[in-house]
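First up is the structure itself, then whatever we jot down about it.
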Amino acid sequence: MEVFLGIPAADGIGIGTAFVIPDAVKRAIPQHHIKIDQINKHWLRFENAVQTVTLELSSYLDSLSKTDPRDKAQREVYETYILMLGDPVFNKEVRDFFETELFNIEYTVQFKAEEYASKLRQSGNSYLSERAQDITDVFGRVLDEMLDIHPFDIKQVPDGSVILATSLSSADTIILSKRKIAGLALSEGGVSSHVVILARNYGIPTIVGLEDISKKVRNGETVIVDGKEAEILVSPDKSTIDEYKAKIRQEFAHKQSLKAFLDKPAVTKDGTRFKLYANIGTPEEADVAVAEGADGIGLFRTEFLYMAQNGASLNAAARNFSEENQFEAYKYVLSAMQGKPVTIRTLDAGGDKLINSVEFPVLEEKNPLMGLRAVRLSLKCPNVLKTQLRALYRASVYGNLEIMFPLISSYCQVKQCLELVNEVKKELTAEGIPFKHNIPIGIMIETAAAALISDCLAKTCDFFSLGTNDLTQYTLAVDRENPHVAELYNEFSLSVLRLIEMTISSANAANIPIAVCGEMASRQDSVMVLAGMGIRNLSMSPKMISGTKELLSRFTIQELQAISSQHLDSLWEMNQFKGKK
């Protein structure tokens, strides 16, 4: 038996069969001239690749329902791809260029596809821009076939697997959540990365910081993932497996005991009431939130709607997530919560949440976490934000909606967002579309800038939500996805706690609600500190709600305040020590 140690990321124990996900292979297109007598040979390779891809797409198409509306968009994508592959006009252009210039067929296909796509993007027509991405995607598949590059399909992972990989995308994690995955073991990623957040939401034991783990374990080996102790046990003996199976039974028994709190409110030992909300990333997770006794949805991460679209290959960009598709998603969540408050955050793309879309500018940023992301990206692409706001306001009649803007750092940003809100309300009124007019509008406090001017921002907002993941990252200048500086990422840093304390004071002074929706709301040690600081609204993974209720029931507010003081008083202790020197 071999034991590998990493960084604990998502609690729990899993036993399964190792499944190693290979690193992605980047396509490199050769460029050289060929001889005239090689034309037919090269062209036949192209035709064979087109035929193979067409058959694959036809197979995918046949697997989709013709009546299920959830499959409609994906059917349209595959049907478009098949039509493009058989387009005689485009194929003739490729053949003419090929025979005239005598470049190798791979370079020829790439050149002509990019040329055609570029013309469509410059048309100024949103429909044609999407078709440009279709061309890039489908002929990228043809190029992969000719170059014998076969991107790994995450859907091939069998149930009961322990996944070992260098890293995973959020989209891959969403797909894996639909399977019975025993655990994740990753070389890269931080404890507050979005992959880990999703893993916690889906109850997948996860360990990160395992250097080259995908190269040290073979497919098919039995693996135990201990998320609490951050251990990977490879090829354990029978007694070790039996020991961990007993621990899994204990975990299960503990979870069963927590069901006693499902229908109970979150109350401390001395009767102080808390509201516990759920963080979700897909509409279906609203059903889980209801089942786990959530008081509402404290954070709906809408960017995962883009990431979760089926069928996107390495070459693909996310299609325009249309107003109608968004409306249906928001309507589903609002209806599922049956009048309980639902806070939906506008698109938080960019940075570490990459969404390839024809609607967003293609940028090479040296420091994307400091770049065009979240509300900055939305304001740079106002049509994207307006589309989302239209869908949100249309859906508002189906429940108790609240809208939240991410990564605010100035009053000017809030003002611009509110101006777009007013534009949307005027448009919907003119179109005779019903919506709720007085929807609470809030912001996320996740930059030091926002915390420092929270007293000013409180005058323009209906509520605050503390995003402690980014607030910690930006305050400490630590990339939370980077395992090399993982030990520096500390949400209990006095600098972070003082910014939280400042924001709480500003919200209380303005008499507006404040919640915490970052990972601090999900861990028992930090829940106690936040509760002692005055936070009464916490939003977390749905599966952690009952455990948090049980935790709060064991303490009085005075006891929780004493726990908080131990952290907040450290500056006073440091000053006292300095005075004695």
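The values are calculated or read from the model by the stated rules, or taken from the named source; none is laboratory data. Just so it is clear, the structure is predicted and the values come from calculations on it, not from any experiment. FYI the Cβ positions are ideal-geometry reconstructions off the backbone, even for glycines, and counts take in every protein chain you see. What goes into the accessible areas is simple: the full protein's heavy atoms, side chains included, and nothing from ligands, DNA or RNA. Shrake-Rupley method; radii C 1.70, N 1.55, O 1.52, S 1.80 Å.
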Report the residue count in the range 364-379 for those that are assigned to a helix (DSSP H, G or I) and loosely packed, with under 15 Cβ neighbours inside 10 Å.
1
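Conditions tested, residue by residue: (1) within 29 Å of the chain's Cα centre (by Cα); (2) within 30 Å of Glu491 (Cβ to Cβ); (3) at pLDDT 95 or above; (4) not aromatic (Phe, Trp, Tyr).
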site	(1), (2), (3), (4)
Val424	yes, no, yes, yes
Glu427	no, no, yes, yes
Ala430	no, no, yes, yes
His437	no, no, no, yes
Ala450	yes, yes, yes, yes
Cys456	no, yes, yes, yes
Ser465	yes, yes, yes, yes
Asn469	yes, yes, no, yes
Leu476	yes, yes, no, yes
Inside the range 381-405, can you point out the residues that are at pLDDT 95 or above and assigned to a loop (DSSP other than H, G, I, E, B)?
Gly399
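Results for (1) under 17 Å from the mean Cα position of the chain (by Cα); (2) over 19 Å from Cys381 (Cα atoms); (3) modelled with pLDDT of 90 or more, shown as yes or no for each residue.
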site	(1), (2), (3)
Leu314	no, yes, no
Ala317	yes, no, no
Phe321	yes, no, no
Gln326	yes, no, yes
Leu334	no, yes, yes
Met337	no, yes, yes
Val342	no, yes, yes
Asp348	yes, no, no
I need a count of the residues in the range 420-437 that are charged (D, E, K, R) and surrounded by 12 or more Cβ atoms within 10 Å (Cβ to Cβ).
4
Within the range 490-534, can you find the residues that are touching a residue at least 40 places away in the same chain (Cβ under 8 Å), over 22 Å from the mean Cα position of the chain (by Cα) and not in a helix (DSSP H, G or I)?
Phe492, Ile512, Pro513, Ile514
If I ask for residues that are open to solvent by 50 Å² or more (accessible area, probe 1.4 Å) and part of a helix (DSSP H, G or I), which ones from the range 477-488 would you list?
His484, Glu487, Leu488
Pairing a residue in the range 85-97 that is within 19 Å of Thr52 (Cβ to Cβ) with any residue that is open to solvent by 70 Å² or more (accessible area, probe 1.4 Å) and assigned to a helix (DSSP H, G or I), where Cβ atoms lie under 8 Å and the two sit 6 or more apart in sequence or on different chains, gives Phe90/Tyr116
Take the conditions open to solvent by 90 Å² or more (accessible area, probe 1.4 Å) and modelled with pLDDT of 85 or more and apply them to Ile36. Does it pass?
yes
Every residue from the range 459-476 that is in contact with a helix residue (DSSP H, G or I) (Cβ under 9 Å, 6 or more places away or on another chain) and either open to solvent by less than 20 Å² (accessible area, probe 1.4 Å) or within 26 Å of Ala185 (Cα to Cα) (or both)
Cys461, Phe463, Phe464, Leu466, Thr468, Asn469, Asp470, Leu471, Thr472, Gln473
Tell me yes or no: at least one residue of the range 421-434 is assigned to a loop (DSSP other than H, G, I, E, B), of a type in the set (Gly, Ala, Ser) and out of contact with any Ser or Thr (no Cβ under 8 Å at 6 or more places or on another chain).
yes
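Which count do you get for residues in the range 438-458 that are farther than 20 Å from Tyr398 by Cα and open to solvent by less than 10 Å² (accessible area, probe 1.4 Å)?
Final tally of qualifying residues: 9.
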Do you know which of the residues in the range 272-289 that are modelled with pLDDT of 95 or more and open to solvent by 10 Å² or more (accessible area, probe 1.4 Å) is farthest from Gly203 (Cα to Cα)?
Thr272
Does Ile512 satisfy the criteria of being under 29 Å from Val333 (Cβ atoms) and touching a Ser or Thr at 6+ places or on another chain (Cβ under 8 Å)?
no
For the range 545-556, state whether one or more residues are surrounded by fewer than 17 Cβ atoms within 10 Å (Cβ to Cβ) and among the β-branched types (Val, Ile, Thr).
yes
